[in-house]
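Here's the structure we're looking at; comments come further down.
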Amino acid sequence: MLRRMEGGPVTTSFLTELGQVLHEEHFRILSLICGLENRVAGDEGRRPIDPRNADERANLRALTIALDQIIDHNNFEEAILFPLICEHGGGDLTSLLIQEHDTIGPLARHVREIATTILDHGIDAQRWDEFQIAANDLASEMMSHLQKEEMAVVQRLRSFLDTATDHRLAEKHLAERPPTRIRIAFQ
Ligand SMILES: [Fe+2]
Ligand SMILES: [Fe+2]
């Protein structure tokens with residue numbers, strides 16, 4: 001899906017300035033989500049997260065912050081970017097993406113809520129189960145959403161935004177929400 005996953009160095013020169021910023025942000029979100037999914041599935045998944053372990057605690061804390069940042073990323077798209085796409089004939093596309101945000105938001109908040117409970121009150125079998133299910137649900141929704149946005153928005157920004165608007169939004173986004181703010185937990 002994302003170009004970096006195809007192997008080799010990232011080539012983003014065909015993207016607009018805002019496209020590059022969003023691509024970087026999507027890549028960090030994807031890395032986070034893959035790390036989370038790997039932690040709750042397979043062999044790793046048989047070993048419940050232990051909040052008494054300093055590394056696991058740090059990962060859970062980083063996750064709670066990153067989940068808020070994902071929600072904030074979606075808010076930026078809805079408030080600033082999607083109205084411009086809509087004005088340029090992308091109304092159906094943005095409606096679909098907003099619907100997906102409406103699914104992802106509650107899922108992300110649910111994962112964050114369980115992570116916070118684990119941090120505050122420890123882990124047990126039921127809580128671990130709940131966390132695994134919620135994390136998997138979030139991961140599958142998020143992955144298909146990122147894939148869609150990469151193909152239908154990030155790679156097509158040139159047809160939705162003029163160069164000046166693209167530049168202005170890229171600068172604004174970098175100043176207010178640098179992609180590197182998203183720490184990739186569970187690596
Ligand atoms: Fe996005
Ligand atoms: Fe989005």
Residue among 58, 164, 135 with the largest mean-square fluctuation in a Gaussian network model of the chain, springs linking Cα atoms under 10 Å: 164
Selection from 132, 82, 94, by position along the positive dipole direction of the stretch 16-181 (Cβ): 132
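Could you tally the net charge around residue 171, taking each other residue with its Cβ under 12 Å from the Cβ of residue 171, Lys/Arg +1 and Asp/Glu -1? Could the numbers behind the result be given before it?
Numbers: positive: 168, 172, 177; negative: 17, 166, 176.
Net of charged neighbours comes to 0.
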Residue span residue 176 to residue 162: 0.36 nm per residue of separation minus Cα-Cα distance leaves a gain in nm of 2.9 nm
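Work out the length of the dipole vector of the stretch 76-140 about its Cα centre, built from +1 on the beta-carbon of each Lys and Arg and -1 on the beta-carbon of each Asp and Glu, and round it to the nearest 20 debye. Numbers along the way, then the final one.
Working: 3 positive and 12 negative charges, 29 e Å.
Dipole of the stretch 76-140, to the nearest 20 debye: 140 debye.
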For the chain, with a Gaussian network of springs between Cα atoms less than 10 Å apart, report the residue from 78, 17, 176 with the top mean-square fluctuation. 176
Rounded to the nearest 500, what is the 222 nm mean residue ellipticity of the chain from helices alone, with -39500 (n - 2.57) per DSSP H run of 4+ residues and division by all residues? -24000 deg cm²/dmol
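Under a Cβ-only charge scheme (Lys and Arg +1, Asp and Glu -1), can you give me the dipole magnitude of the stretch 16-181 about the Cα centre, in debye to the nearest 20? Before the final figure, lay out the partial values.
Details: 17 positive and 30 negative charges, 73 e Å.
Approximately 340 debye in magnitude.
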Mean separation of Cα contacts under 8 Å (6+ apart) over length of the stretch 53-187, as relative contact order %: 40 percent
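What are the equivalent ellipsoid semi-axes of the chain, built from the alpha-carbon gyration tensor (square roots of five times its eigenvalues), in whole angstrom, biggest first? If you can, show how the numbers build up before the last one.
Working: eigenvalues 205, 53, 42 Å².
Equivalent-ellipsoid dimensions as semi-axes: 32, 16, 15 Å.
Quick note: the coordinates plus some simple rules give every number you see, no bench work behind them. Every value quoted in this text rests on a predicted model; they were computed, and no experiment measured them. Ideal geometry is used to build each Cβ from the backbone, glycine not excepted, and the neighbour counts take in all protein chains shown.
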